[in-house]
Amino acid sequence: MVDAAMQQIRTNESTTLNKTFILSLIKDLREKAFQQSRLDFDDESCMNDDEYRVLTGFSRQEFHDIVLSVTSINSTRNRSKRTCIAILLMKLRSALSNKLLAVLFHRTKFQVRRAIVSA
């Protein structure tokens with residue numbers, strides 16, 4: 001399913017997403033969320049490289065490099081640096097609402113907003 005979504009993505013200078021693709025992406029996100037109790041970017045073995053790319057736009061290694069290069073985010077009891085960056089990247093990539101991100105990450109809307117501001 002994720003592989004099929006990845007094959008639909010054409011790479012070029014600009015990408016136009018149609019309604020069908022966006023709905024497919026949201027459906028895949030929801031199914032992934034139901035398979036796991038939540039999206040967990042803290043456990044690197046939880047998702048494969050393609051899933052990292054679909055969700056954030058970056059491979060697992062690229063995401064890891066971004067996390068290492070960001071020094072301005074401190075992990076807290078409620079969220080890690082990796083989670084903050086993942087929430088921000090998913091927001092930028094897919095324009096999901098904070099409410100939907102809160103459901104996917106099992107957070108409150110306030111916690112999602114703080115994670116985005118922190119990142």
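Count of the range 44-58 residues, restricted to those that are touching a residue at least 12 places away in the same chain (Cβ under 8 Å) and either open to solvent by 70 Å² or more (accessible area, probe 1.4 Å) or assigned to a loop (DSSP other than H, G, I, E, B) (or both), is 5.
Scanning the range 86-114 for residues that are assigned to a helix (DSSP H, G or I) and farther than 14 Å from Val70 by Cα yields a total of 20.
Within the range 59-72, the set of residues being open to solvent by less than 70 Å² (accessible area, probe 1.4 Å) and not in a helix (DSSP H, G or I) comprises Ser59, Val70. Applying the set (1) open to solvent by less than 50 Å² (accessible area, probe 1.4 Å); (2) closer than 27 Å to Asn18 by Cα; (3) of a type in the set (Gly, Ala, Ser) to Ser97 leaves exactly one unmet item: (1).
The values are calculated or read from the model by the stated rules, or taken from the named source; none is laboratory data. The shown structure was predicted, so the numbers you read here are calculated from the model rather than taken from an experiment. Ideal geometry is used to build each Cβ from the backbone, glycine not excepted, and the neighbour counts take in all protein chains shown. Side chains are part of the model used for accessible areas, which takes the heavy atoms of the whole protein and leaves out ligands, DNA and RNA. Shrake-Rupley method; radii C 1.70, N 1.55, O 1.52, S 1.80 Å.
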